[in-house]
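Q: Before I ask anything, here is the structure I am working with.
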Amino acid sequence: MVKQESESANRPDNTAFTQQRLPAWQPILSAGIVIPGFVLIGLAFIGIGVALLVTSRSIQVLELDYTGDGNGSPCSSCSQSTTVNCKCSLNFTLDTLFQGPVFFYYGLSNYFQNYRRYGASKDDNQLYGDLSYFTSPSSSCSPYDYDGSKNPIVPCGSIANSMFNDTFTLTRTVSGKTDSVPLDGKGIAWWTDYNVKYRNPSVTPLKNAFNGTVKPIDWAKPAYELDTSDASNNGFVNQDFLVWMRRAALPNFRKLYRRIDASGDYQNGLPAGNYTIDITYNYPVRVFNGAKKVVFSNVSWMGGKNEFLGIAYLVIGSLCVVMSVVMLIVYAKFKFPDEE
Amino acid sequence: TFNLSFRYANNAIKTSKYNIFTFLPLNLFEQFKRLANAYFLFLLILELIPQISSLSWITTGFALIVVLSITGVKDAIDDINRHKCDRQVNNRKVDVLMDGQLKNEKWMNVQVGDIVKLGNNEFEASERNSVQKETNLKVKQALTVTGELGDNIEALAAFNGEVRCEPPNNRLDKFKGTLTVNGERYALDNDKVLLRGCTLRNTEWCFGLVIFGGPDSKLIQNSGKSMFKRTSIDHLTNILVLCIFGFLASMCSILTIGNAIWERNEGSVFTMFLPREPGIDAPLASFLIFWSYVIVLNALIPSSLYVSVEFIRLGNSFFIDWDRKMYYPKNDTPAQARTTTLNEELGQIKYIFSDKTGTLTQNIMTFNKCSINGKAYGEQVDFSWNNLADPKYNFHDHSLVEMVRSGNPETQEFFRLLSLCHTVMPEEKKEGELSYQAQSPDEGALVTAARNFGFVFRSRTPETITVVEMGRQVIYELLAILDFNNMRKRMSVIVRSPEGKLTLYCKGADTVIFERLHPSCNKLMEVTTDHLNEYAGDGLRTLVLAYKDLNENYMIDWKQRHHEASVAMEGREEKLDELYEEIEKDMMLLGATAVEDKLQDGVPQTIEQLAKADIKIWVLTGDKQETAENIGYSCNMLREEMKDVFVVSANTAEGVKEDPHPQGARPPLWEPLHYGVLTDDLTPIPSSLHHQAFALEKNLRLELLRTACMCQTVICCRVTPLQKAQVVQLVKKYKQAVTLAIGDGANDVSMIKAAHIGVGISGQEGMQAVLSSDYSFAQFRYLQRLLLVHGRWSYIRMCKFLGYFFYKNFTFTLVQFWYAFFCGFSAQTVYDEWFITFYNMVYTALPVLGMCLFDQDVNDRWSLQHPELYAPGQKNQYFNKKAFVSYLIHGCYCSLIIFFIPWASMNDAVRNDGKDIVSHPSFAFLLQTCLLAVVHTQLCVDTYYWTAVNHFFVLLSTIGYFAISVTMYSNGMFYVFTSSFPLIGAARNTLNQPIVWLTIFLTFLLCILPVVAIRFIFIQLRPTINDKVRYKMRTEELPGPAPRHLLRRRSTRSGYAFSHSQGYGDLVTSRKFLMKRSTKRAPLFTQTDSSIFQNQPQHYRTIAEEAEESQSHKL
């Protein structure tokens, strides 16, 4: 035995792996799979498309531009003045109930939150509440890391500095009486942002943590005074701040401003009536050919209104069916490999 | 000690490159000399400049470190092996003469000027001046002055001389020097030196003086200069990488221009939110953007491509090593991929250049059949149908044995003739242990046959031949040898038996002998002719035997005239021929022998298969035309229906030029010739070392090539090793085709090295061909498996890999390109940095590796069943510039879909709780997921062969992606590395949205479905051969192994069993030649002309030419 072994010492192992005989599934693109497959996919797509389209159609959206471009437009005076907290208002009428829950967005266009240097201009450690970065912000925040007299800026960087600072209140006029619509600013940011990514330093009162720092140059109030009505909604965990800091991927974007509080008259959404949005107009967008708008929208299981997806599914589904017919014709006509 | 003062190189060799301390710096330096790595270093530096850096340096650093360490580990292992080999070689023992006695010393301690003793079959440690005689085909002969010293240790120790020679060089065929002994100068030339790496044969020992040691020796001087072979795919890839560089530059330029425009229109007014950095104005910013985009789009340059390609090739090489169907159990030799970088080229072979002896044939002649006095003997059962039959099959016909033993006179005379009429040299080292040295294997076979049948040729002197006839010793007096030559095609001996009977024994080609028979033999001749035809039909080499009793008086007269003729100054040849003609007539027919030049198993089938795969096979052999043609017929390269045998042979350049037009007026459009035999039959002028290859001269090269390529089969005869290489290079250069050379001996080395791929037949005596080859195995027939199965698979796998690799990187990168138009050309990456880091190295690495290691369109049996599957590889159809452009377009399409479908569906989208979803991290995550879904599905569509491993890899990568993403975006990672993972929550907040999944689904189907539809339609409209076979494989059972029909040639074409070169009858009878017999040394042949070398290339093998690594491997 030993001798035999040594005689064939170099004989390769006879395993399925070494002999490349591993059992395998070898699918091929046969007509029996491809054509029915296309038909099935096509039908499924059409089905999904219809469902999406129906859902999307049921969603109500109301968009109101308040940039103030034209002379007659509501905020044209504010857009041309440089007054701080310039007031203007927008009126709109709802004929039917705007089904709740209703979300109140502001939208900006031609605004490049996704510009590389803009996006990098923040200090994650600082925003995480690390006090050592309060005194020495990361150089990525430059030129918004120190002010003219070398005081560190907190929160530093372009993103924070350029925080959206228009404010809105919504009132409803019912039979001459003006009623303020309750707006809910809680829970408009991602849970992860609110609870994990952004933190205030554990210093009470919060103001003390900001000793020796200055507020961002373009801010009216320091970070710890962003919400005077709710002490816990200040600093880096202020919901509006968080929404702004979640920078948009595309130059036209909308951000959640408030929710319509589903209480009282607004249990089911915004009832029919005349509404007024009072705007505190601060944010300059006309210099860079931008536009500002407010948006009211409700949502479905698939989110906001989205016509594209439904139409795309319908079109692709139909194309699949057409393609399957084409393939069937080709197959019937040429039918490889019977020709040989 | 005197020699030491000159500080000659000692005999220690060093082939290793590094030691422990120099490894890191030297290896890194080496690696950064490669363009891809240098480029990466450049990127890394760019990334460290904050104004430019659009990506953290970790991204590139990670890839670079992975690539460097993989290559580094491989280099380290290689170098450790070299160290081991060096140590082994340096520690080998040799006997050195020191202080008057022999001492066993390590090779590395041998010094120039030492006298060493070598035994038979030992390797040469260093180059030396041979002191003792060594005799063989490449004869090395000592100077008489040193030869006389013999093995007298004292004399050798006292020997005092001075050698002056040329400085160390790498010319193997030249040596110049002088030896001065006692004031006398003796010339030393190449015949007097043994080279390192040679093997000593046919002498028990030799003493030598070390002339060059270690690095100075010709072997080492020659090594390291071996040409680095690259595959055509390598070349193509390099060109494509250059194209990609151009593509990258133009993309970056477009984006730079875009940035300049954007900066003017938008950026300048956007500065209130994003002030410019101090000192950087708009033009400079745009310029910097160019470099930032070079970084962002760097994935276009296939960084990990080279590493992955090496890896896949290595894997496929292992499959070759592991293949049991290429393992030869008889001498325990598995196939071996000695070069692991050429695999896919095996699938593209267009021309095979094969040696004959030892490659197609076993170089074993067996006495197979005979016809004695009209009765045919020999095994009637033909085993050739049986693949497993013992190739050592011997003569099995017992009736012949009985005929001999019963004393049948014709039969006895038949074997007596065989034992007498030849020029074989016997060697009897010990009583009873007899071995023959024959000029041609045919002769050896015949004499051995006679020996086995009881007519043992024992010894010879110039005047006598001693034969043991059925146990009785008989001494014949040898009167004359009428030697063989090409014109005569026969040889005869005239002997006188102890009884005084004078007989002429003659053997020769049938046509020649039949003309010279006595009329009384006519009837017997007819019967024998029938037998001969039968033998010829079996491809056997035949000889006809005849004898003639001579009259004593006539003989005396003839002998006298013979003597006169042989000393004649003029017309000696003619006079001798006349005399021979006169005596060789009216002979009595004895019978015929049939010797089989045994082909290796399965050679005809293999050649047939390869021919079906449209591979052109050229046989390049040193043999004469007749032998080569004969082999051509027996291995099915030439067939009877091939009518236009086309022979180019001429002695001069003009002759060659004229010769291709044998019919005179051929139309300009030559009809395809059926086959051609190219011969370069030159007048042999032994003194001229430079065999001028007229046909290979410049002005005739193209003509030769044109002619040869019109032939189905080309056989080149009488080619020297150098010419073999020239032919290969000719085809390589002008046909732009991939060539493969296969051979087994030293004379094939140049050809093996010249061809794109060299294959060595291993397991035989010599290792030299193997050592310089890229692949080796034991049997020619494994070639079909190597090419049609492994080569084809490797090629397909490599093409699939390259195609897929380019596709996936294009898709990946172009998405970034589209995003540039939406982010102000700011070099913002659309993906997360970690995704960029892991994309090639982690997320997509395994599935493609799985595909490229295991994929097979059809399994091996179907591959062999349909050799035509090989053709696409030869035509380079699977990966070429066109295919590359199609991958580019495909990648472009997919990237458009991957970017714009999510872009459209995410425009103004919100989550179903009203919150944000179009933030940069979630958009990035969505695109990443789409991209991976698309490239993985594309891989699935491309994979033909789904083993468990493939399933596992695809699943692992998909699950792994989500697992890694979720982990990286988890709270924990953020707590630990706050600023490294800023995309926290992206996965969680995105994946729970139906709209995200619907978008992913839409995107990837939109990428995949068109591919499926187009492929399906193409299969229907223009099915490729692969499609057909794959379909067939699905619907039909594989037909059983093709019936191996008997390869019988209905032919009267016959080769006769001679070596086809002038015999050395003259030497046999010359006293001078046999003088040394008495000293009981090995039998000696003096220097003979090159014809022996041509016929018996396997006897002398110098291993002096191979590259260092193969050398160390062997050692």
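Q: Which entries of B:192/B:616; B:616/B:1032; A:335/B:612 show an alpha-carbon separation above 31 angstrom in the structure shown?
A: B:192/B:616
Q: For region B:902-912, what does the Karplus curve 6.51 cos²θ - 1.76 cosθ + 1.60, with θ = phi - 60°, yield as ³J(HN,Hα) per residue in whole Hz, taken in order and with x for Gly and Pro?
A: For region B:902-912, the Karplus curve yields x, 4, 5, 6, 9, 4, 6, 6, 10, 6, 6 Hz.
Q: Is the shape of region B:574-637 best called rounded, prolate or oblate, per the rule: a/c under 1.5 gives rounded, else a/b larger than b/c gives prolate, else oblate, with a ≥ b ≥ c the square roots of the Cα gyration tensor eigenvalues?
A: Here region B:574-637 falls in the prolate category.
Q: Could I ask something else about it? May I ask for the Rg/Rh ratio of region B:361-598, computed from Cα atoms with Rh as the Kirkwood radius, given to two decimals?
A: Reported Rg/Rh, Kirkwood definition of Rh: 0.97.
Q: Right, next: Checking buried surface per residue: for region B:992-1034, which residues lose a minimum of 50 Å² accessible area in the protein assembly relative to the chain alone (1.4 Å probe)?
A: Output list: B:995, B:998, B:1002, B:1009, B:1016, B:1017, B:1020, B:1021, B:1028, B:1030, B:1031, B:1034.
Q: A further question on this structure: Per residue of B:853-865, count partner chain C-beta atoms within 10 Å of its C-beta, then hand back the mean as an integer.
A: Mean inter-chain Cβ contacts per residue within 10 Å come to 2.
Q: Right, another one. Which pairs, out of A:186/A:255; B:229/B:733; B:33/B:733; A:333/B:875; B:489/B:559, put more than 26 Å between their alpha-carbon atoms?
A: B:33/B:733; A:333/B:875
Q: For residue B:470, what is the net charge nearby, where nearby means another residue's Cβ is under 14 Å from its Cβ and Lys, Arg count +1, Asp, Glu -1?
A: Overall, the nearby charge balance is +2.
Q: Once label points are set 7 Å from the Cα along Cα→Cβ at both residue B:885 and residue A:44, what is their separation, rounded to one decimal in nm?
A: 3.7 nm
Q: Provide the per residue accessible area, probe 1.4 Å, for region B:499-606, rounded to a whole number of square angstrom.
A: Heavy-atom SASA per residue in region B:499-606 reads 45 Å².
Q: How big is the A/B interface in buried accessible area, both sides summed, 1.4 Å probe, to the nearest 100 Å²?
A: Chain pair A/B: roughly 9100 Å² of buried accessible area.
Q: Normalized C-alpha radius of gyration of region B:23-75, against 2.2 N^0.38 Å?
A: So the Cα radius of gyration is 1.19 times the expected 2.2 N^0.38 Å.
Q: List the residues whose amide H sits under 5 Å from the amide H of residue B:599, counting only those 5 or more places along or on another chain, with H placed 1.01 Å from N in the peptide plane.
A: Amide H neighbours of residue B:599: B:362.
Q: Related question: If r is the Cβ-Cβ distance from residue A:231 to residue B:264 and R0 is 56 Å, what FRET efficiency results, to the nearest 0.05?
A: 0.75
Q: For region A:60-299, report the accessible area per residue in Å² (1.4 Å probe, heavy atoms, rounded to an integer).
A: 40 Å²
Q: Using a Cα distance threshold of under 25 Å, what count of lysine pairs results for region B:307-369 when pairs must be 8 or more residues apart or interchain?
A: Step by step, the pairs that qualify in region B:307-369 add up to 4.
Q: Can you list the cysteines of chain A that have no other Cys Cβ under 4.7 Å away?
A: Within chain A, the cysteines lacking a partner Cβ under 4.7 Å are A:320.
Q: Further question: Calculate, for residue B:87 and residue B:176, the FRET efficiency according to 1/(1 + (r/R0)^6) with r their C-beta to C-beta distance and R0 35 Å; round to the nearest 0.05.
A: 0.55
Q: Could you derive backbone 3J(HN,Hα) for region B:552-562 from the dihedral phi with the Karplus parameters 6.51, -1.76 and 1.60 (θ = phi - 60°), listing whole Hz in sequence and x where the residue is Gly or Pro?
A: Karplus-based 3J(HN,Hα) across region B:552-562 equals 4, 5, 4, 5, 4, 4, 4, 4, 4, 5, 4 Hz.
Q: Over the Cα atoms of region A:1-93, what Rg and Dmax result, in angstrom?
A: 36.5, 105
Q: Next up: Would any residue of region B:558-579 have its amide N under 15 Å from a label point 7 Å out along Cα→Cβ of residue B:487? List them or say none.
A: What the label zone holds, given the 15 Å backbone N cut-off, is B:566, B:570-579.
Q: What's the Kirkwood radius of chain A in Å, using all Cα pairs?
A: 25.1 Å is the Kirkwood radius here.
Q: Can you list the residues of region A:246-290 with backbone N under 11 Å from a point 7 Å past the Cα of residue A:73, pointing along Cα to Cβ?
A: A:285-286, A:289-290
Q: Sorted by packing (mean other beta-carbon atoms within 10 Å per residue), highest first, where do B:457-467, A:119-129, B:147-157 land?
A: A:119-129, B:457-467, B:147-157
Q: Name the residues of region B:318-333, by number, that are at least 30 Å² less accessible with every protein chain in place than in the isolated chain; the surface is that of heavy atoms, probe 1.4 Å, without ligands or nucleic acids.
A: In region B:318-333, residues shielded by partner chains: B:319, B:322, B:324, B:327, B:332.
Q: Quick check for you: with a 1.4 Å probe and neighbouring chains kept, what is the accessible area per residue of region B:298-354, in Å²?
A: In whole numbers, region B:298-354 has 27 Å² accessible per residue.
Q: Ok, one more. Using just the C-alpha positions of region B:1-101 as equal point scatterers, what log10 of I(q)/I(0) does the Debye formula give at each q in 0.11, 0.15, 0.18, 0.19 1/Å?
A: Calculated log10 I(q)/I(0) at the listed q: -0.56, -0.78, -0.94, -0.99.
Q: Calculate how steeply helix A:31-58 sits against the longest principal axis of the alpha-carbon atoms of chain A, using the helix alpha-carbon long axis, and give the answer as 0 to 90 degrees to the nearest 10.
A: On a 0 to 90 degree scale, this one is about 10.
Q: Return the residues of region B:954-973 for which accessible area with all protein chains present is lower than in the chain on its own by 20 Å² or more; set the probe to 1.4 Å and exclude ligands, DNA and RNA.
A: Output list: B:971.
Q: To continue, here is another question. 7 Å from Cα along Cα→Cβ at both residue B:24 and residue A:179: what's the point-to-point distance in nm?
A: For residue B:24 paired with residue A:179, the spin-label model returns 7.7 nm.
Q: Based on the Cβ-Cβ distance of residue B:165 and residue B:530, what FRET efficiency does E = 1/(1 + (r/R0)^6) give at R0 = 51 Å, to the nearest 0.05?
A: Efficiency computed from Cβ-Cβ geometry: 0.20.
Q: Ignoring ligands, DNA and RNA, please state the percent of accessible area on region A:60-299 from carbon and sulfur, probe 1.4 Å.
A: C and S fraction of accessible area: 48 percent.
Q: Now for a different question. Given a 1.4 angstrom probe, I'd like the percentage of the accessible area of region B:361-598 that is carbon and sulfur, rounded to a whole number.
A: 50 percent
The values are calculated or read from the model by the stated rules, or taken from the named source; none is laboratory data. Bear in mind the structure is a predicted one, so any value in this text is a computation, not a measurement. No Cβ is skipped: glycine too gets one built from the backbone with ideal geometry, and neighbour counts run over all protein chains shown. Only protein heavy atoms, including side chains, enter the accessible area calculation; ligands, DNA and RNA are left aside. Shrake-Rupley method; radii C 1.70, N 1.55, O 1.52, S 1.80 Å.
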